[in-house]
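The values are calculated or read from the model by the stated rules, or taken from the named source; none is laboratory data. Predicted model only: the values in this text are computed from it and were never measured. For neighbour counting, all protein chains shown are included, and Cβ atoms are generated from backbone atoms with ideal geometry for every residue, glycine included. Keep in mind that these areas ignore ligands, DNA and RNA; they rest on the heavy atoms of the full protein, side chains included. Shrake-Rupley method; radii C 1.70, N 1.55, O 1.52, S 1.80 Å.
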Amino acid sequence: MGIENKEITMELEKYYNKFCEDKRLTTRYGQVEYITSMKYIHEYLENNPNAKILDVGAGTGRYSVSLANEGYDVTAIELVKHNLGTLKAKGSTVKAYQGTALDLSRFSDNTFDITLVFGPMYHLYTFEDKVQALKEAKRVTKSNGFILVAYCMNEYSVITYGFKENNIRACVDTGKLSEDFHTISQPQDLYDYVRLEDINKLNDEVNLKRIKIIAADGPADYMRPTLNAMDEETFKLFLKYHLSTCERPELLGASAHTVDILRK
């Protein structure tokens with residue numbers, strides 16, 4: 001691991017020591033992302049009760065522990081020690097290791113039926129590192145297996161952090177945005193944001209075939225106060241609406257998160 005990647009790891013350690021990822025996915029807006037992602041994970045687990053699953057960048061195990069508790073054979077890789085400790089403390093059957101998405105050499109080729117890459121792409125800010133993470137996920141996934149990759153989307157970042165939180169002028173003045181309002185991330189920013197054409201370019205480079213791409217949370221993150229104020233019946237209606245529209249192309253780019261579903 002180079003000096004730059006070590007610095008990024010240290011910054012992520014500090015960030016996730018303060019930020020509770022486990023709690024985020026239990027909020028109303030976080031539930032939308034979690035329920036949607038799990039729906040699609042289960043689609044590709046259908047008729048395969050013996051599936052072997054790898055969760056790369058597993059965080060505190062919100063997905064991996066749930067899947068293990070359903071009886072699946074789950075292995076997790078997590079970079080941040082704090083998150084890994086939380087995952088292990090849940091006492092599940094998940095086989096959890098510290099590691100990075102850039103190097104899955106502890107695993108042989110063609111080992112897993114499904115590989116989840118739900119955190120790493122948020123924090124890998126160079127094209128080369130993203131390609132390396134995808135190549136490693138592809139390598140350890142079985143032929144005809146599935147790879148689900150999550151991304152943070154550019155327009156969500158510009159609309160919320162830029163305009164809603166009134167940081168847009170500072171972002172323009174400090175070169176954080178290109179002329180066409182694409183974010184330009186550096187290691188200290190921790191997060192990287194992409195557009196659909198960026199994701200397509202990565203898939204082309206690694207030669208991975210898309211089955212579909214979904215808006216994992218659609219407008220939910222923009223609607224936090226509204227979702228929190230909903231009664232349960234209305235929230236269920238919102239979930240029904242979201243699940244019926246999350247594959248619509250007009251919603252993908254402005255979603256906070258997308259999940260790209262690929263086949264090896």
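Tell me the GluC sites (Glu not before Pro) within region 208-264 that lie in a loop according to DSSP and have at most 15 other beta-carbon atoms within 10 Å.
Hits after loop and neighbour filter: Glu247.
Could you work out the local net charge near Thr115, counting Lys and Arg as +1, Asp and Glu as -1, over the other residues with Cβ closer than 10 Å to its Cβ?
For residues surrounding Thr115, the net value is +2.
About the Cα centre, and with charges only on the beta carbon of Lys, Arg (+1) and Asp, Glu (-1), how big is the dipole of the chain? Nearest 20 debye, please.
640 debye
Work out, step by step, the length gained on full extension between Ile211 and Ser105: first 0.36 nm times the residue separation, then minus their alpha carbon distance; give nm to one decimal.
35.5 nm
Where does the charge balance sit around Ser185 when Lys and Arg score +1, Asp and Glu -1, over other residues with C-beta under 12 Å from its C-beta?
Taking every Cβ under 12 Å from that of Ser185, the sum is -2.
Along the positive direction of the dipole of region 64-157 (beta-carbon charges: Lys, Arg +1; Asp, Glu -1; about the Cα centre), which of Gln132, Leu116, Leu84 reaches farthest?
Leu84
Restricting things to alpha carbons, tell me how big region 113-220 is in terms of Rg and Dmax, in Å.
15.1, 48
Just going by the charge dipole of region 125-264, with Lys and Arg at +1 and Asp and Glu at -1 on Cβ, which of Gln186, Gly162, Gly253 is farthest out on the positive end?
Going by the charge dipole, the pick is Gly253.
What is the dipole size for region 20-93, taken about its Cα centre, with +1 at each Lys and Arg Cβ and -1 at each Asp and Glu Cβ, in debye to the nearest 20?
Magnitude of the dipole: close to 320 debye.
Report, in listed order, any pair from Lys39/Lys201; Lys81/Lys212; Lys201/Lys240; Lys81/Lys236; Lys95/Lys264; Lys90/Lys201 with a Cα-Cα distance greater than 30 Å.
Beyond 30 Å: Lys81/Lys212; Lys201/Lys240; Lys81/Lys236; Lys90/Lys201.
Per-residue HN-Hα couplings for region 253-258, Karplus 6.51 cos²θ - 1.76 cosθ + 1.60 at θ = phi - 60°, whole Hz, x for Gly and Pro?
Per-residue couplings from phi come out as x, 9, 5, 5, 10, 10 Hz.
Would you mind getting the accessible area per residue of region 109-264, heavy atoms of the protein chains only, 1.4 Å probe, in Å²?
48 Å²
Please work out whether region 44-122 counts as rounded, prolate or oblate from its C-alpha gyration tensor, where a ≥ b ≥ c are the square roots of the eigenvalues and a/c under 1.5 means rounded, while otherwise a/b larger than b/c means prolate and anything else oblate?
It comes out oblate by the Cα gyration axes.
Which net charge results when you count Lys and Arg as +1 and Asp and Glu as -1 among the other residues whose beta-carbon is under 14 Å from that of Pro249?
Computed value for this residue: -1.
Restrict the search to region 61-144; then list the GluC sites (Glu not before Pro) that DSSP places in a loop and that have at most 16 other Cβ atoms within 10 Å of their Cβ.
Answer in residue order: Glu70.
Quick one: grab the alpha carbon gyration tensor of region 25-75, order the square roots of its eigenvalues as a ≥ b ≥ c, and give me rounded if a/c is under 1.5, else prolate or oblate depending on whether a/b is larger than b/c.
Oblate, since a/c reaches 1.5 and b/c is not below a/b.
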